[in-house]
Structure formats: structure tokens, C-alpha cells
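Q: This is the structure, below, for whatever I ask next.
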Amino acid sequence: MSVVDSAMTREVLRDISKRPLDISRLNVHVMRGVVHLTGRVDKVRGNAGFLDLQEEMNIVVRILRQKPGVRDVCCEVDFAELPVPDKLTKIRKRRRWY
């Protein structure tokens, strides 16, 4: 890995960490100006508001593509949240009717 790619990796991680995302299981690699994002992304603990992880990652990719020196961004990230219908069924299963 070249010095330029190492510096770009640090900048990418710095930019992603500004977003309300848990990136502890996210892998970031830069090779010849191409940013590779792999792994898993989750919501930050304590984030009470509604957060769409897919939309948030789209914002991150747009931000990264605007950086000078970035030729392309390959995003192969899994999202740790449940789909909306699954969340509703889990809530309904926990609810007790009297």
C-alpha cells in the first residue's frame, strides 16, 4: 500500500466517523484511488431518531466520490438493522393482550 493510499484511508475513515454510524465492523481499503468499503454497518448506540442506514451509506458514498484523489467507491456493506416488517412482527410478538 502506498503512502498516498494510507493517507486516503485515514481521511476516508475520518469522514465516515462524522456520520451517525457504528463502523466498528467496517473495513476500508484504498488501492490506487479506489475506495473499497466492506463489512457491516449499524446505528450508533443511543441514536433515538429514525435513521435509514442505506440512505446514510448513500450519503457517505457521495461524499467520498467528491474527494480529490478518489477515482471510484466500491460499497459492499451489509446493514445490521432488520427490515421494517420484521421489526413490526417482533413488536407484536412481545405485546401482551389483556
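Q: I'd like the residue in the stretch 1-28 that is out of contact with any helix residue (DSSP H, G or I) (no Cβ under 7 Å at 6 or more places or on another chain) and of a type in the set (D, E, K, R) and, out of all such residues, is nearest to Gly46 (Cα to Cα).
A: Going through the qualifying residues, I end up with Asp22.
Q: Cβ-Cβ distance below 7 Å, separation of 6 or more or different chains: which pairs start in the stretch 63-90 with a residue that is farther than 19 Å from Ser17 by Cα and end on one that is outside any helix (DSSP H, G or I) and at pLDDT below 95?
A: Here the result reads Gly69/Gly33; Arg71/Gly33, each pair linking the stretch 63-90 to a residue that is outside any helix (DSSP H, G or I) and at pLDDT below 95.
Q: Taking the condition assigned to a helix (DSSP H, G or I) and at pLDDT below 80, does Arg92 pass?
A: Values: assigned to a helix (DSSP H, G or I): yes; at pLDDT below 80: yes.
Answer is yes for this residue.
Q: For the stretch 44-73, how many residues meet the condition of being surrounded by 14 or more Cβ atoms within 10 Å (Cβ to Cβ), charged (D, E, K, R) and more than 9 Å from the chain's Cα centre (by Cα)?
A: Keep residues of the stretch 44-73 that are surrounded by 14 or more Cβ atoms within 10 Å (Cβ to Cβ), which gives 51, 53, 56-57, 60-61, 63-64, 67, 70, 73.
Filter once more, keeping what is charged (D, E, K, R): 56, 67.
Still in the running and more than 9 Å from the chain's Cα centre (by Cα): 67.
Here the count works out to 1.
Q: Anything in the stretch 34-43 that is over 14 Å from Arg19 (Cα atoms) and surrounded by 14 or more Cβ atoms within 10 Å (Cβ to Cβ)? List them, or say none. Reasoning before the result, please.
A: Restricting attention to the stretch 34-43, the residues satisfying the condition of being over 14 Å from Arg19 (Cα atoms) are 34-40.
Val34, Val35, His36, Leu37, Thr38, Arg40, listed by residue number.
Q: Let me ask something additional. Of all residues in the stretch 1-35, which are over 12 Å from the mean Cα position of the chain (by Cα) and either assigned to a strand (DSSP E or B) or of a type in the set (Asp, Glu) (or both)? Break it down stepwise before answering.
A: First pass over the stretch 1-35, keeping only residues over 12 Å from the mean Cα position of the chain (by Cα): 1-11, 14, 29-35.
Across the stretch 1-35, the qualifying residues are Asp5, Glu11, His29, Val30, Met31, Val34, Val35.
Q: Which count do you get for residues in the stretch 36-54 that are aliphatic (A, V, I, L, M) and in a strand (DSSP E or B)? Don't jump to the end; show me each part of the working.
A: Taking the stretch 36-54 as the starting set, the residues that turn out to be aliphatic (A, V, I, L, M) are 37, 41, 44, 48, 51, 53.
Of the ones still in play, those that are also in a strand (DSSP E or B) are 37, 41.
Qualifying residue count, the stretch 36-54: 2.
The values are calculated or read from the model by the stated rules, or taken from the named source; none is laboratory data. For clarity, every value in this text was computed on a predicted model and none was experimentally measured. Cβ: placed from backbone, ideal geometry, glycine included. Neighbour counts: every protein chain shown.
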